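Any read-out appearing in this document is the output of simple, stated calculations on the displayed coordinates, not a laboratory observation. Note that the structure is a prediction, hence the values are computed from the model and not measured. Here Cβ is always computed from backbone atoms with ideal geometry, including for glycine, and neighbour counts include all displayed protein chains.
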Amino acid sequence: MTILGISNVSFGLPKEGREVLNAVYFYHCVQAGLDMAIVNPENLIRYNNISTKEIELSENLIFNQSMETITQFTEYFRNKDPSLKSIQKDSNKQSPDVSLKSAIVMGTKSNVISDLDNLLKKLSPLEIINSIIMSGMDEVGRLFEQGKMIVTEVLQSAEVVKKAVSYLEPLMLNQDDSNKKKILLATVKGDVHDIGKNLVRIIFESNGYKVVDIGIRIDSNQLIKSIKEHNPDIVGLSGLLVKSSRYMVNIAEHLKEEGIDLPLIVGGAALTLKFVNKEIVPKAASTVIYARDAMSGLSKVNSLFRDN
Ligand code: B1M
């Protein structure tokens, strides 16, 4: 005998399309011999009431899963949400700042380099990152939180940001490394979010620091090994998940146990000044700086080194 929670199939897809996909999936599961289903009868749409077009989109997704079928499905149901139509319209406007921001929100890479070339005629690379790219990613964050974007689309947006930033990066680097303060950067264990960390890297590099970026999902042992190898002046930890903030407390403790008393700078959406002062500072061997964003982090680290 088989039992199935139907709605998992549509998890993460646009709200408008979920019940349609659930109903089509339910229909096919019953045809295939499902004995019992867990459904929400208040929401369940009758298979017979679904249009041929919507059945086709759902069946394509169920039987022929690919990026293409996911995109067709999400675009169709997204068009039913008027607040998202306005975003799509924006991408037709010509000004490069609007076009770049829309490219990030829409996850399309095709015009990114030409938009950047146009923007570079009037803005510095750092201004482009701080204003347009950050605001595009903020919009992505907002839409994701409202359930209007799905994880695969957020990843596509992250790829557009990566492409834009890789293009701008060489234009900002000051090549002389001597006498630079060194910062070792990591996104902590269990956390893959690296867009914020990468921005911190770029902003520090373009402001006279040498940055050693050791990547994502870094546990305290890996961090300690890298500190011994690279001998930085300060350690930077990034993490966006609530559990990452907690893990930063473990890192502070472990560094202290190892006799490492380097200053720490910590940042990420789930952190707050209160948490840092209450939980991380008491466990740390040295100064702990909380940075709400990359620019304030830079100015706090600048003052730390100026004052010492
Ligand atoms: Co994730 N995600 N995500 N995600 N994701 C969040 C963080 C979340 C708030 C979304 C939500 O549910 N509302 C939520 C966390 C909930 C929580 O714990 N409180 C979340 C979740 C739950 C998850 C998954 C668990 C989802 C899942 O699989 N079910 C999963 C986690 C996987 C894992 O890490 N193990 C996951 C996955 C992903 C993607 C892979 C799809 C993608 C990451 C792609 C990538 O980074 N390469 C992603 C994204 C993009 C987001 C959101 C939408 C945007 C994050 C972002 O890049 N913001 C995010 C929602 C949101 O934040 N609104 C969300 C732009 C970036 C510039 O800001 O990183 O905050 P941020 O950096 C800022 C500051 O925080 C600061 O400066 C930067 C700007 O100046 N800062 C520092 C950051 N680090 C710093 C370090 C410093 C100084 C300043 O010094 C060292």
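Tell me the label-point distance for the pair residue 120, residue 43, using the 7 Å Cα-to-Cβ offset, in nm and rounded to one decimal.
4.7 nm
For the chain, what is the Kirkwood estimate of the hydrodynamic radius, computed as the reciprocal of the mean inverse distance between distinct Cα atoms, to one decimal in Å? Intermediate values should be presented prior to the final figure.
Working: mean 1/r = 0.0452 Å⁻¹.
In the chain this quantity evaluates to 22.1 Å.
Report the gain in length on full extension from residue 142 to residue 228: 0.36 nm times residue separation, minus Cα-Cα distance, nm rounded to one decimal.
27.0 nm
Per residue, what volume in Å³ does the convex hull of the Cα atoms of region 4-80 enclose?
Considering the Cα atoms of region 4-80, their hull volume per residue is 90 Å³.
Over all directions, how big on average is the projection of the convex hull of the alpha-carbon atoms in region 255-308, in square nanometres?
Details: hull surface 15.5 nm².
Computed as one quarter of the Cα hull surface, the answer is 3.9 nm².
State the three equivalent ellipsoid semi-axes of region 177-307, derived from the C-alpha gyration tensor as the square roots of 5 times its eigenvalues, in descending order and whole Å.
Working: eigenvalues 73, 52, 45 Å².
They are 19, 16, 15 Å, listed from largest to smallest.
Show log10 I(q)/I(0) for region 88-171 at q = 0.22 Å⁻¹, two decimals, from a solvent-free Debye sum over equal Cα scatterers.
After summing over all Cα pairs, the log10 values are -0.99.
Taking the Cα centre of each part, how many Å lie between region 246-308 and region 1-62?
Result: 48 Å between the Cα centres.
Could you tell me the relative contact order of region 3-80? Use alpha-carbon pairs under 8 Å, at least six residues apart, and round to a whole percent.
37 percent
Of 269, 297, 281, which is farthest along the charge dipole of region 177-307 in the positive direction, counting Lys and Arg as +1 and Asp and Glu as -1 at C-beta?
Highest projection toward the positive end goes to 269.
Please report, ordered by residue number, every helix of the chain (full DSSP H runs) that is 30 Å or longer along its axis going by C-alpha atoms and whose mean Kyte-Doolittle hydropathy reaches -1.0.
Taking the DSSP H segments of the chain (at least 30 Å long, mean hydropathy at least -1.0), we get 151-172.
Once both labels are modelled 7 Å past Cα along the beta-carbon direction, what's the residue 219-residue 274 spacing in nm?
Using points 7 Å along Cα→Cβ, the separation is 3.2 nm.
Using a cut-off of 22 Å between alpha-carbon atoms, which lysines can reach residue 228, once sequence neighbours fewer than 8 places away in the same chain are excluded?
180, 181, 182, 189, 197, 210, 256, 283
With r as the distance between the Cβ atoms of residue 281 and residue 65 and R0 = 41 Å, compute the FRET efficiency 1/(1 + (r/R0)^6) and round to 0.05. Could you put the intermediate results ahead of the total?
Numbers: r = 48 Å, r/R0 = 1.16.
That pair, residue 65 with residue 281, gives E of 0.30.
Between residue 34 and residue 52, what is the spin-label point distance in nm, taking each point 7 Å from the Cα along the Cα→C-beta axis?
So the two model labels end up 2.5 nm from each other.
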